[in-house]
Each structure stands twice: as C-alpha cells, then as structure tokens.
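S.K.: Sharing a structure with you now.
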Amino acid sequence: QVQLVESGGGLVQAGGSLRLSCAASGSTFSIKVMAWYRQAPGKQRELVAHISSGGSTNYADSVKGRFTISRDNAKNTVYLQMNSLKPEDTAVYYCNAETYHYPNSWGQGTQVTVSS
C-alpha cells in the first residue's frame, strides 16, 4: 500500500501563489501516476493535474498555464505550484497515487482558499 500526506494549503488573495506538496511512503516502487484532484463545496471531485513516472503531465483546462505539477522521485514527493490563483480555485485539494499492484491511494486533503 501507499500512504500520502499533503501539505501547503492555506488562505491567499486572488492573484497569489501557493505550492502544495504530497509525500508518499510505503510501497512507492509501485506508483505509476500521481495526481492532484480538488473538490469544492457542493461539487464533484475533479482532476486538476497528473504526472506519470516518466514525467508526462496533463492538466485540466481550467488550470493550464497557471498550475504546474512536478515530482521528485528521490523524495517520493509530488508538488503542485499554483500561480495566479482565482476564487474559483477554492477547494480541498487531494493527492492521489495510481499503482501497479494496489488500490489507488488518497491523501487526507488540504484546504486552499482564495479570497477576492
């Protein structure tokens, strides 16, 4: 199994930046893809960005050009750099790991609040 712990959320004004981190532990050798999802109040959880073990990335249209996902394989950590934040980015952000051998893992979530 893989365990995930997120950090880096908080309150920021519109136009500001935050960097989220997600540290993985356990059977990290089996991780295939790591991703960030978010869930705003009253809305379904949505994919924000994902990154493969080879470094290929993909982004939701709503965050393209503003958010950057990256990973440090030596530290088993994935990051989400969020720039030019908007109030509509307000949500709980969750880290997710897709593995070859185990069920997908989720972190506990970290709150991001963007004030206008």
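S.K.: Quick one: Arg19 ticks every box in (1) open to solvent by less than 30 Å² (accessible area, probe 1.4 Å); (2) closer than 18 Å to Gln108 by Cα bar one, so which box is it?
M.R.: (1)
S.K.: Right, something else. What tally of residues in segment 68-116 results from selecting those that are without any contact (Cβ under 8 Å) to a residue 12 or more places away in the chain and touching a Pro at 6+ places or on another chain (Cβ under 7 Å)?
M.R.: Final tally of qualifying residues: 0.
S.K.: So which of Ser62, Ser70 is out of contact with any Ser or Thr (no Cβ under 7 Å at 6 or more places or on another chain), in a strand (DSSP E or B) and among the small types (Gly, Ala, Ser)? Let's see the steps before the verdict.
M.R.: Numbers: Ser62 fails: in a strand (DSSP E or B).
Just a single option satisfies the conditions, and that option is Ser70.
S.K.: Also, quick follow-up: Tell me whether segment 76-83 contains one or more residues that are at positive phi and either under 14 Å from the mean Cα position of the chain (by Cα) or part of a strand (DSSP E or B) (or both). So that I can check it myself, show each step before the final result.
M.R.: Looking only at segment 76-83, we keep the residues that are at positive phi, and these are 76.
The next check asks that each one be either under 14 Å from the mean Cα position of the chain (by Cα) or part of a strand (DSSP E or B) (or both); those that pass are 76.
So far as segment 76-83 goes, yes, one or more of its residues are at positive phi and either under 14 Å from the mean Cα position of the chain (by Cα) or part of a strand (DSSP E or B) (or both).
S.K.: Another one. Being closer than 16 Å to Asn104 by Cα and at pLDDT below 95 is the filter; apply it to segment 41-60 and report the residue that is surrounded by the most Cβ atoms within 10 Å (Cβ to Cβ).
M.R.: Among those residues, the one meeting the criterion is Ser52.
S.K.: Counting just the residues of segment 22-40 that are in contact (Cβ under 8 Å) with a residue 12 or more places away in the chain and over 17 Å from the mean Cα position of the chain (by Cα), which one comes out farthest from Gly109 (Cα to Cα)?
M.R.: Taking segment 22-40 first, the residues in contact (Cβ under 8 Å) with a residue 12 or more places away in the chain are 22-28, 30-40.
Of the ones still in play, those that are also over 17 Å from the mean Cα position of the chain (by Cα) are 26-27, 30.
On the way: Gly26: 18, Ser27: 20, Ser30: 22 Å.
Checking each candidate, the answer is Ser30.
S.K.: Residue check: is Lys32 at pLDDT below 95 and part of a strand (DSSP E or B)?
M.R.: Details: at pLDDT below 95: yes; part of a strand (DSSP E or B): yes.
In short, yes.
S.K.: Can I ask one more? Looking at segment 98-116 only, could you name the residues that are among the aliphatic types (A, V, I, L, M) and farther than 15 Å from Arg45 by Cα?
M.R.: Keep residues of segment 98-116 that are among the aliphatic types (A, V, I, L, M), which gives 112, 114.
Correct list: Val114 only.
S.K.: Turning to a different aspect of this structure: Go through segment 84-116 and report how many residues are part of a strand (DSSP E or B), farther than 24 Å from Ile31 by Cβ and over 14 Å from the mean Cα position of the chain (by Cα). Walk me through it before giving the result.
M.R.: So in segment 84-116, the residues part of a strand (DSSP E or B) come out as 91-99, 105-106, 110-115.
Next, only the ones that are farther than 24 Å from Ile31 by Cβ stay: 111, 113-115.
Within this subset, residues satisfying the condition of being over 14 Å from the mean Cα position of the chain (by Cα) are 113-115.
Going through segment 84-116 one residue at a time, the tally reaches 3.
S.K.: Related question: Could you identify the single residue in Thr90, Thr113, Thr99 that is open to solvent by less than 20 Å² (accessible area, probe 1.4 Å) and either at negative phi or modelled with pLDDT under 95 (or both)? Can you show your working first?
M.R.: On the way: Thr90 fails: open to solvent by less than 20 Å² (accessible area, probe 1.4 Å); Thr113 fails: open to solvent by less than 20 Å² (accessible area, probe 1.4 Å).
Criteria check complete, one pass: Thr99.
S.K.: Look at Leu11 and say whether it is of a type in the set (A, V, I, L, M, F, W, C) and open to solvent by 60 Å² or more (accessible area, probe 1.4 Å). I'd like the intermediate steps shown before the answer.
M.R.: On the way: of a type in the set (A, V, I, L, M, F, W, C): yes; open to solvent by 60 Å² or more (accessible area, probe 1.4 Å): yes.
Judged against the criteria, Leu11 is a match.
S.K.: Now for a different question. Can you pull out the residues in segment 22-34 that are surrounded by 14 or more Cβ atoms within 10 Å (Cβ to Cβ) and either of a type in the set (Val, Ile, Thr) or in contact with an Asp or Glu (Cβ under 7 Å, 6 or more places away or on another chain) (or both)?
M.R.: Going through segment 22-34, the residues surrounded by 14 or more Cβ atoms within 10 Å (Cβ to Cβ) turn out to be 22-24, 26-28, 30-31, 33-34.
Passing the criteria: Cys22, Thr28, Ile31, Val33.
The values are calculated or read from the model by the stated rules, or taken from the named source; none is laboratory data. These figures come from a predicted structure and were not determined experimentally. When we count neighbours, we look across all protein chains shown, and the Cβ atoms used for this are built from the backbone with ideal geometry, even at glycine. For accessibility, only protein heavy atoms count, side chains too; no ligands or nucleic acids. Shrake-Rupley method; radii C 1.70, N 1.55, O 1.52, S 1.80 Å.
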